[in-house]
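These notes concern the structure reproduced below.
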Amino acid sequence: MGWVITMQIRLAGFGGQGVILAGVILGDAAAIEGLNVIQTQDYGSQSRGGHSIADLIISKDPIYDLIVTKADVLLALAQLGYDSTKESLREGGLLIVDTELVQPDREFTGAPFTRIAEEEVGLALTVNMVALGYLVAKTNIVKKESVEEAIRRRVPKGTEEINLKAFRIGYEEGTK
Amino acid sequence: MYLKSSYEIRDKYLRKDMLPTIFCPGCGIGAVLQYTLRAIDDLELNQDEVVWVSGIGCSSRVPGYVNFDGLHTTHGRALAFATGIKMANPDLKVIAFMGDGDAAAIGGNHLIHAIRRNLDITVILINNFTYGMTGGQVAPTTPKGLRGTTAPYGSFENPFDIAELAVAAGANYVARWSVFNYLQGINSIKKALQKEGFTLVEFLSPCPISFGRRNKLKTAPELIKWYQKLSVPISKAKEMSPEELEGKVIIGEFTDRDRPSLVKEYEAYKKRAKKAMGWEE
Amino acid sequence: MRYPFPVGTVDFIQGDEAIARAAILAGCRFYAGYPITPASEIFEAMSIYMPLVDGVSIQMEDEIGSIAAVVGASWAGAKSMTATSGPGFSLMMENLGYAIMTETPLVLVNVQRSGPSTGQPTLAAQGDLMQAIWGTHGDHSLIVLAPATVQEAFDMTIKAFNLAEKYRTPVILLTDAEVGHMRERVYAPHPDELELIYRKLPANEEEAKYPFGDIHGDLVPPMPVFGKGHHTYVTGLTHDEKGRPKTVESEIHEKLLKRIVEKIEKNKKDIVDYEGYGLEDAEIVIIGFGIVTRSAMRAVKELRKKGIKAGLLKLNVLWPFDFELIERIAEKAGKIYVVEMNLGQLYHMVKEGANGKVPVELIPKIGGEIHTPKEIIERIKDNLR
């Protein structure tokens, strides 16, 4: 997928999947590259289980928009997240889903991120990093190295390596 | 104890350009102010390092009359302001001069939380059972059945016992006297000023104009006689039944202990933070 | 000096976090607060940072106590701050007045949420503008700043401290839940790059005798902080130049209050700040502050693409208010729109500034969502039809 001046990206799932952290890391990577970026979030009032959406706008120009109006990329990790956000993906936009958890009704790409996290990384919690790796490989929004730096900065101390591993496995998957 | 002349104390500590005071004839605030200044003088505290704080009410005017740094704040809030002063500069010794309405009604929440934190401060509390400045309304300390302009048929509420409240909330030192217990009063203030953490010395203080007049206690001597009748020394109170103590006010030292103060706790907290970040061993 | 966050570099952080970091860089060493959405992140960040930089962060029993402690700390010599929202802001009004009356430098951050009362705690609004300026009782003046981006939240926090110290006044940073919670790229300067202002202290004992007197002719008295042997008496009562209560002398009250108001008004040029876009030839000018000006900017750009000469005036300082600037714009523009997330507050000030020279129309929005550029464009285009 080629870079346009401004990219609107929406990450959707349910609370506890780490969607917002993935959004923050992607945003941080963009900031590291000197791009303008804004990240906002929307979640239910419950701490676990409700829908969870992270929005990012990444741009080479100053950003005036605050919310994703027409997403260029939508990543859905759960059916709940997909159903509530699918309308926001623009015509011809890129839909990435966890192929075992989401049944999309339009053209899509993706992989079984949760299963990969469980089986290949060895930790289901890293599903967000697997999916992020996949998204970065498919879109080239930011460089792989920038995301890796952001992961080191943002994940809890002591979990850097497993998160990086998950990100790289997801990235590999995305280049297939 | 050698007592210096009042004139000497006055000339050393009062701001002449702020006098006369607003206090009425027979008021007890002046006496308590004198005790406080005598305690400071006796301890040879550095005038430059003591800050007086107050809220609103007759007793809250005191910081204006003394030649120290002073913050005369909003009604009930003195201890919250004092928290900022003490924590921003722990080298300062802070004295709060408060009234019963100021401390226990509008400032009641600030009072119990300042005590809970064990804020390093000495509270001198003037309890005259009324709102003197605003004209004799009932206070949260007014004994049941006594009159104020907002309970003209006699107060129908239960009063607070501020000293007991302070003990329960965790103060390091609490004493209560009436204004005619001058030696005990001075000694208690001295003790309070030398301790870390929260210390409170409460004085039953006559307000003949706003309180006494409405309760058949028209002059200060009448009020003082009434206090004598009302008060029971704490040692004696221990041997009395609750029925016998009904309607009495206990005087004496309620507690004297050394729990770690807020300033100390925060110093330790800073160390803990730096250790947690790996900044310090 | 070691900082517990990156300096001299960019980071990707929330507006609330940016405010906390900027405050520390500005020299703030005392914070008192009470938890409230959406301002709690400022407090939480302060709680992490303050003990590390030998400052104080303390949770008070309520917002009344929070601002009281901040005033106390300021008189003890510390640059001090508190942050709150909605109901907490209302509770602070009493002691905000005390801070104005006693000319106490402090920064009060209001991360606006939708009210009145508990309202919509997590959603942004701009309904506290009039309260920020006029909320405490009595005649007064103060300074109100409004950021629209996380970078501005950072920069304006430093500016807020500088203005507070320079003019011995409370400064309100009027932001909102959206700016507070969103993350953006922020450049946090190294402290050496910053120009920080510290309050003017008395040069000698003679000056210290007049903590409320205009002894330098600049309307701002030097501030004798506690513990330096000045024996300063500070009261919320009307007071003379020495700080002595003078509660019935009308001329003393007038002199004091006029100086407190004039030290802000007469320095308007130094304080006010705004950004204009396309104002040179704009026939339609949108005026706003804070978060909503981002949508307005997008709207202006879209309108220009369609051949409509639109412009934007983004007000970064809301008080003192530059009525003359509005009048100058009104003289050139064909129409002014005021975009704000309330039912009309800035609108009234703009209308006063426009002085009847041009029609002023309000584009209000409440409910927690920000105007979309489309909503603004459609409203303007409807009127052109």
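The values are calculated or read from the model by the stated rules, or taken from the named source; none is laboratory data. On a predicted model such as this, the values are computed, not experimentally measured, just so you know. Cβ placement follows ideal geometry from the backbone for every residue including glycine, while neighbour counts extend to all protein chains displayed. Note: areas computed on protein heavy atoms with side chains; ligands, DNA, RNA excluded. Shrake-Rupley method; radii C 1.70, N 1.55, O 1.52, S 1.80 Å.
Key figures
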| item | result |
| --- | --- |
| Some residue of the range A:49-71 being at pLDDT 95 or above and more than 13 Å from every other protein chain (Cβ to nearest Cβ) | yes |
| Count of the range C:19-35 residues which are farther than 23 Å from A:Ile38 by Cβ, touching a residue at least 60 places away in the same chain (Cβ under 8 Å) and either open to solvent by 10 Å² or more (accessible area, probe 1.4 Å) or hydroxyl-bearing (Ser, Thr, Tyr) (or both) | 1 |
| Residue among C:Arg298, C:Arg294 that is open to solvent by 30 Å² or more (accessible area, probe 1.4 Å) and out of contact with any Cys (no Cβ under 7 Å at 6 or more places or on another chain) | C:Arg298 |
| Pairs where the first residue, in the range B:40-63, is open to solvent by less than 10 Å² (accessible area, probe 1.4 Å) and outside any strand (DSSP E or B) and the second is at pLDDT 95 or above and of a type in the set (S, T, N, Q), C-beta under 6 Å, 6+ apart | B:Gly55/B:Thr73; B:Ser60/B:Ser54; B:Pro63/B:Ser54 |
| Checklist (1) in a helix (DSSP H, G or I); (2) farther than 30 Å from C:Thr238 by Cα applied to C:Thr37, failing item | (1) |
| Of residues in the range C:214-236 being over 25 Å from the mean Cα position of the chain (by Cα) and surrounded by fewer than 17 Cβ atoms within 10 Å (Cβ to Cβ), the one farthest from the other protein chains (Cβ to nearest Cβ) | C:Gly217 |
| Condition check for C:Asp16: touching a His at 6+ places or on another chain (Cβ under 9 Å) and either more than 13 Å from chain B (Cβ to nearest Cβ) or without any contact (Cβ under 8 Å) to a residue 60 or more places away in the chain (or both) | yes |
| Some residue of the range C:134-143 being touching a Ser or Thr at 6+ places or on another chain (Cβ under 7 Å) and either free of Cβ contacts under 8 Å to residues at least 40 places away in the same chain or not assigned by TED's automatic domain parsing to the domain that holds C:Asn342 (or both) | yes |
| Members of the range C:348-385 found to be over 22 Å from C:Arg298 (Cβ atoms) and either open to solvent by less than 20 Å² (accessible area, probe 1.4 Å) or touching a Leu at 6+ places or on another chain (Cβ under 7 Å) (or both), listed by number | C:Met349, C:Gly353, C:Ala354, C:Val358 |
| Qualifying position, being closer than 20 Å to C:Val144 by Cα, open to solvent by 10 Å² or more (accessible area, probe 1.4 Å) and among the charged types (D, E, K, R), among C:Glu280, C:Glu331, C:Glu324 | C:Glu324 |
| Residue count, the range C:85-118 (criterion: under 13 Å from C:Pro170 (Cβ atoms) and either free of Cβ contacts under 8 Å to residues at least 24 places away in the same chain or among the polar types (S, T, N, Q) (or both)) | 4 |
| Any chance B:Leu223 is within 14 Å of chain C (Cβ to nearest Cβ), open to solvent by less than 30 Å² (accessible area, probe 1.4 Å) and in contact (Cβ under 8 Å) with a residue 24 or more places away in the chain | no |
| Answer from B:Asn89, B:Asn158, B:Asn172 - the residue that is away from chain C (no Cβ under 13 Å), polar (S, T, N, Q) and either free of Cβ contacts under 8 Å to residues at least 12 places away in the same chain or crowded, with 21+ Cβ neighbours inside 10 Å (or both) | B:Asn172 |
| Residue within the range C:239-260 that is away from chain B (no Cβ under 14 Å), assigned to a loop (DSSP other than H, G, I, E, B), at pLDDT 95 or above and buried (at least 16 other Cβ atoms within 10 Å of the Cβ) present | no |
| Selection status of B:Ile9, part of a helix (DSSP H, G or I), free of Cβ contacts under 8 Å to residues at least 60 places away in the same chain, among the hydrophobic types (A, V, I, L, M, F, W, C) and facing chain C (nearest Cβ under 10 Å) | no |
| Those residues of the range B:237-280 which are within 17 Å of B:Glu164 (Cα to Cα) and within 14 Å of chain C (Cβ to nearest Cβ), in sequence order | none |
| Enumeration of residues in the range C:236-251 that are β-branched (Val, Ile, Thr) and under 24 Å from C:Ile143 (Cα atoms) | C:Thr238 |
| Only listed residue being open to solvent by less than 10 Å² (accessible area, probe 1.4 Å) and out of contact with any helix residue (DSSP H, G or I) (no Cβ under 8 Å at 6 or more places or on another chain), chosen from C:Ala164, C:Ala73, C:Ala153 | C:Ala164 |
| Selection within the range B:61-92 - among the charged types (D, E, K, R) and more than 15 Å from the chain's Cα centre (by Cα) | B:Asp69, B:Lys86, B:Asp91 |
| Output for the range B:64-86, where each listed residue is assigned to a loop (DSSP other than H, G, I, E, B) and at the interface with chain C (Cβ under 7 Å from one of its Cβ atoms) | B:Asn67, B:Phe68, B:Thr73, B:Thr74, B:Arg77 |
| Residue satisfying condition, being of a type in the set (Val, Ile, Thr), open to solvent by less than 10 Å² (accessible area, probe 1.4 Å) and either facing chain B (nearest Cβ under 9 Å) or under 21 Å from the mean Cα position of the chain (by Cα) (or both), within set C:Ile58, C:Ile67, C:Ile48 | C:Ile67 |
| Segments classed as helices (runs of 4 or more DSSP H), wholly inside the range C:287-385, with at least 3 members that are within 14 Å of another protein chain (Cβ to nearest Cβ) | C:292-305, C:373-384 |
| Subset of the range A:67-79 that is open to solvent by less than 10 Å² (accessible area, probe 1.4 Å) and over 10 Å from A:Arg10 (Cβ atoms) - its residue that is farthest from the chain's Cα centre (by Cα) | A:Ala78 |
| Residue ID - nearest to C:Thr169 (Cα to Cα), chosen from residues in the range C:274-286 that are away from every other protein chain (no Cβ under 14 Å) and free of Cβ contacts under 8 Å to residues at least 60 places away in the same chain | C:Tyr274 |
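For every residue, the table says whether it meets (1) part of a loop (DSSP other than H, G, I, E, B); (2) touching a Phe, Trp or Tyr at 6+ places or on another chain (Cβ under 7 Å); (3) of a type outside the set (Lys, Arg); (4) free of Cβ contacts under 8 Å to residues at least 40 places away in the same chain.
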{"residue": "C:Glu152", "(1), (2), (3), (4)": "no, no, yes, no"}
{"residue": "C:Thr157", "(1), (2), (3), (4)": "no, no, yes, no"}
{"residue": "C:Asn162", "(1), (2), (3), (4)": "no, no, yes, no"}
{"residue": "C:Lys166", "(1), (2), (3), (4)": "no, no, no, no"}
{"residue": "C:Arg185", "(1), (2), (3), (4)": "no, yes, no, no"}
{"residue": "C:Ile197", "(1), (2), (3), (4)": "yes, no, yes, yes"}
{"residue": "C:Lys200", "(1), (2), (3), (4)": "yes, no, no, yes"}
{"residue": "C:Gly217", "(1), (2), (3), (4)": "yes, no, yes, yes"}
{"residue": "C:Gly227", "(1), (2), (3), (4)": "yes, no, yes, no"}
